[in-house]
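Peer 1: Below: one structure in structure tokens.
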Amino acid sequence: MEYSFDNLIHKAEKPLNIAVGLSGGVDSSVAALLLKLAGHNVIAIYMQNWHDITGTLHGDCQWEEEKILAQMVAKKIGIPFHFVDLSETYRKRVVDYMFSEYEKGRTPNPDVLCNREIKFDAFLNCALELGVDYVATGHYCKKAIAVNVDGKEVYSLLAGDDSNKDQSYFLCQLNQEQLSRALFPIGHLEKPMVRKIAKEAGLQSAEKKDSQGICFVGKVDLPVFLQQKLKSKEGEVVEIFANKFPYNNSHTATGYSDSYSTDELEQLAKPVSYRKSNGKVIGKHIGAQFYTIGQRHGLNIGGHQGSIFIISIDIDRNIIYVGEGKDHPGLYRKALRILPEEIHWVRPDLEMKDGECRDYLVRIRYRQPLQKARLYKRDEGMFIVFENAQRSITPGQFAAWYTTSGELCGSGVISQ
């Protein structure tokens, strides 16, 4: 087999010392293989980040099997294998954060947190102690070195070449120091090619299905998982009828302006407030904190021609508001807000100044097609106004903004 390593990693006059986070999946396996074939000094490290199987669906949290598979792959490639238990750190930095966010009625993204707090922090530190200089993962994204306006080198995070698998969104909270140590060997490949390489190399992970669910936890029954710490409390489900929807047309208008005042931006980004009198009680739920905006499963409410979607959550009154149909106006909003302390720039040299506005392409969830938007920086935070109203803008999730060339420049937690 012959492989092209152009743009695979930073060119070096001598072999690099690299630790690969080997999960037992095909992506990290091929990442390790390519680095080894390129002549680098590669070691494999398997991270155990979760023990508890409470709420985990059968067959999705069997870390022992994953570890054995990773060991087999490392042996096949011919690289040393190491094991590290980061479960306590993972619980404190990721799982406890999840519980806290759900308790507030927000929907966190544990995969983004896992990359920021675990893979490129706790795991990176463990790897550095073993004498390596870089950490490589099987993410479908790329890194490049750019030169800023001051002539200094900065690291850029780029979308992967496989548009169906691009995972740059999950890395939207990385900083320059973390990127300086990161390598993404398969970012230039498409998934079918990755599987082909693994199969031709005889790697045991070649046919392994992609993992699903929460990073290192697996696919879970979320209410059961959250009930480890959050108590159930019965509440009402209130339906808001589309023909009586209490909204302002500005929430769904097309386009945006250069001259929004801060008050106008705050009004655009403010979610619609509902009252029971706006609709009709149609059922009960087990606790508002167990649900998320845009969700259509788990309510067990019949009697409708179309699917029922959650359009709002009132955590204080323990009420869930729903609407019928994927085009219900309550699912759509024109803008969102990120608080000042939640704004993160992967490229700090591109940071916007108060009063500045700038056009970017934005996504508010993994695999969502990039959307045209304008960012407005104010003392009160970052306001993102979309050219077209967006479906299911969800507090607690991350909004990430990209250039038209595919560079992820920054991100932030959606506050409203």
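The values are calculated or read from the model by the stated rules, or taken from the named source; none is laboratory data. Everything quoted here is computed from the prediction, not taken from an experiment. Reconstructed Cβ throughout: ideal geometry from the backbone, glycine too, with neighbour counts over all protein chains shown. Ligands, DNA and RNA are excluded from the accessible area calculation, which covers all protein heavy atoms including side chains. Shrake-Rupley method; radii C 1.70, N 1.55, O 1.52, S 1.80 Å.
Peer 1: Taking the stated definitions as given, is Ser23 at pLDDT below 90, closer than 20 Å to Arg181 by Cα and not basic (Lys, Arg)?
Peer 2: On the way: at pLDDT below 90: yes; closer than 20 Å to Arg181 by Cα: yes; not basic (Lys, Arg): yes.
Yes.
Peer 1: Turning to a different aspect of this structure: Only one of (1) open to solvent by 20 Å² or more (accessible area, probe 1.4 Å); (2) assigned to a helix (DSSP H, G or I); (3) modelled with pLDDT of 75 or more is not met by Tyr256, so which one is it?
Peer 2: (2)
Peer 1: Of everything in the stretch 195-218, what is acidic (Asp, Glu) and either at pLDDT below 85 or under 23 Å from Ser87 (Cβ atoms) (or both)? Give them in sequence order. Reasoning before the result, please.
Peer 2: Taking the stretch 195-218 as the starting set, the residues that turn out to be acidic (Asp, Glu) are 200, 207, 210.
Within the stretch 195-218, Asp210 is the sole residue that qualifies.
Peer 1: Is at least one residue of the stretch 404-414 surrounded by fewer than 18 Cβ atoms within 10 Å (Cβ to Cβ) and among the β-branched types (Val, Ile, Thr)? Lay out the reasoning, then the answer.
Peer 2: Going residue by residue through the stretch 404-414, those that are surrounded by fewer than 18 Cβ atoms within 10 Å (Cβ to Cβ) are 404-405.
Filter again for among the β-branched types (Val, Ile, Thr), leaving 404.
There is at least one residue in the stretch 404-414 that is surrounded by fewer than 18 Cβ atoms within 10 Å (Cβ to Cβ) and among the β-branched types (Val, Ile, Thr).
Peer 1: Given the structure, is Glu64 part of a helix (DSSP H, G or I), over 18 Å from Gln228 (Cα atoms) and acidic (Asp, Glu)? Full working, then the answer.
Peer 2: Working: part of a helix (DSSP H, G or I): yes; over 18 Å from Gln228 (Cα atoms): yes; acidic (Asp, Glu): yes.
Yes; evaluated as a whole, the condition is true for this residue.
Peer 1: Another question about this same structure. Which condition number does Glu341 fail, the rest of (1) surrounded by fewer than 16 Cβ atoms within 10 Å (Cβ to Cβ); (2) modelled with pLDDT under 95 being met?
Peer 2: Result: Glu341 passes all but (2).
Peer 1: May I ask you to list pairs of residues, at least six apart or on different chains, whose Cβ atoms are under 8 Å apart, with the first in the stretch 264-292 being in contact (Cβ under 8 Å) with a residue 12 or more places away in the chain and the second being assigned to a helix (DSSP H, G or I) and charged (D, E, K, R)?
Peer 2: Asn278/Lys244; Gly279/Lys244; Gln289/Glu103
Peer 1: If Tyr169 satisfies every condition in (1) touching a helix residue (DSSP H, G or I) at 6+ places or on another chain (Cβ under 6 Å); (2) surrounded by 21 or more Cβ atoms within 10 Å (Cβ to Cβ); (3) over 28 Å from Ile79 (Cβ atoms) but one, which is the exception?
Peer 2: Every condition holds for Tyr169 apart from (1).
Peer 1: Got a sec? Which of Tyr102, Tyr97 is open to solvent by 10 Å² or more (accessible area, probe 1.4 Å), assigned to a helix (DSSP H, G or I), of a type in the set (Phe, Trp, Tyr) and touching a Gly at 6+ places or on another chain (Cβ under 9 Å)?
Peer 2: Working: Tyr97 fails: touching a Gly at 6+ places or on another chain (Cβ under 9 Å).
Result: Tyr102 is the single residue among Tyr102, Tyr97 that is open to solvent by 10 Å² or more (accessible area, probe 1.4 Å), assigned to a helix (DSSP H, G or I), of a type in the set (Phe, Trp, Tyr) and touching a Gly at 6+ places or on another chain (Cβ under 9 Å).
Peer 1: I've got another one for you. For the stretch 122-163, which positions are closer than 16 Å to Ser180 by Cα, open to solvent by 50 Å² or more (accessible area, probe 1.4 Å) and among the aliphatic types (A, V, I, L, M)?
Peer 2: Within the stretch 122-163, Leu128, Ile145, Val147 meet the criteria.
Peer 1: Any idea which of (1) in contact with a Leu (Cβ under 7 Å, 6 or more places away or on another chain); (2) at pLDDT 90 or above; (3) of a type in the set (D, E, K, R) is the one Asp221 doesn't satisfy?
Peer 2: Going through the list (1) in contact with a Leu (Cβ under 7 Å, 6 or more places away or on another chain); (2) at pLDDT 90 or above; (3) of a type in the set (D, E, K, R), Asp221 breaks only (2).
Peer 1: Could we say that Gln178 is of a type outside the set (Asp, Glu), more than 30 Å from Lys280 (Cα to Cα) and at pLDDT 95 or above here?
Peer 2: Working: of a type outside the set (Asp, Glu): yes; more than 30 Å from Lys280 (Cα to Cα): yes; at pLDDT 95 or above: yes.
Judged against the criteria, Gln178 is a match.
Peer 1: Among strands (runs of 3 or more DSSP E) lying entirely in the stretch 277-330, which contain 2 or more residues that are more than 20 Å from Pro223 (Cβ to Cβ)?
Peer 2: Those strands (runs of 3 or more DSSP E) span 280-285, 319-324.
Peer 1: For Ile286, state whether it is more than 30 Å from Asn148 (Cα to Cα), open to solvent by 20 Å² or more (accessible area, probe 1.4 Å) and either at pLDDT below 95 or of a type outside the set (Asp, Glu) (or both).
Peer 2: Numbers: more than 30 Å from Asn148 (Cα to Cα): yes; open to solvent by 20 Å² or more (accessible area, probe 1.4 Å): yes; either at pLDDT below 95 or of a type outside the set (Asp, Glu) (or both): yes.
When the stated conditions are applied, Ile286 passes them.
Peer 1: Mind listing whichever residues of the stretch 359-376 are in contact with a helix residue (DSSP H, G or I) (Cβ under 9 Å, 6 or more places away or on another chain) and farther than 25 Å from Glu101 by Cα? I'd like the intermediate steps shown before the answer.
Peer 2: Within the stretch 359-376, the first condition is being in contact with a helix residue (DSSP H, G or I) (Cβ under 9 Å, 6 or more places away or on another chain), and the residues that meet it are 363, 365-368, 376.
Result: Tyr376, single match.
Peer 1: State which residue is farthest from the chain's Cα centre (by Cα) when the search covers only the stretch 259-272 and only residues that are more than 14 Å from Arg374 (Cβ to Cβ) and assigned to a loop (DSSP other than H, G, I, E, B). Write out each step before concluding.
Peer 2: Within the stretch 259-272, the subset more than 14 Å from Arg374 (Cβ to Cβ) is 261-263, 266-267, 270-272.
With the extra rule that they be assigned to a loop (DSSP other than H, G, I, E, B), the set shrinks to 261, 270-272.
Details: Ser261: 31, Lys270: 23, Pro271: 22, Val272: 25 Å.
Within the stretch 259-272, the match that is farthest from the chain's Cα centre (by Cα) is Ser261.
Peer 1: Count, please, the residues in the stretch 105-138 that happen to be more than 15 Å from the chain's Cα centre (by Cα) and in a helix (DSSP H, G or I).
Peer 2: Total satisfying the criteria: 9.
Peer 1: Further question on the same structure: Identify, by number, the condition in (1) open to solvent by less than 40 Å² (accessible area, probe 1.4 Å); (2) under 22 Å from Ala44 (Cα atoms); (3) in contact (Cβ under 8 Å) with a residue 60 or more places away in the chain that Ser180 doesn't meet.
Peer 2: Status for Ser180: all satisfied but (3).
Peer 1: Continuing with this model, one more query. If you check Gly323, Gly294, which single one turns out to be on the phi > 0 side of the Ramachandran plot, under 27 Å from the mean Cα position of the chain (by Cα) and open to solvent by less than 50 Å² (accessible area, probe 1.4 Å)? Outline the logic, then answer.
Peer 2: Working: Gly323 fails: on the phi > 0 side of the Ramachandran plot.
On inspection, the qualifying residue turns out to be Gly294.
Peer 1: Let me ask something additional. When the stretch 67-84 is examined, which residues are found to be open to solvent by less than 70 Å² (accessible area, probe 1.4 Å), assigned to a helix (DSSP H, G or I) and not basic (Lys, Arg)?
Peer 2: Matches in the stretch 67-84: Leu69, Ala70, Val73, Ala74, Ile77.
Peer 1: Only one of (1) part of a helix (DSSP H, G or I); (2) open to solvent by 10 Å² or more (accessible area, probe 1.4 Å); (3) of a type in the set (Val, Ile, Thr) is not met by Val194, so which one is it?
Peer 2: Every listed condition holds for Val194 apart from (2).
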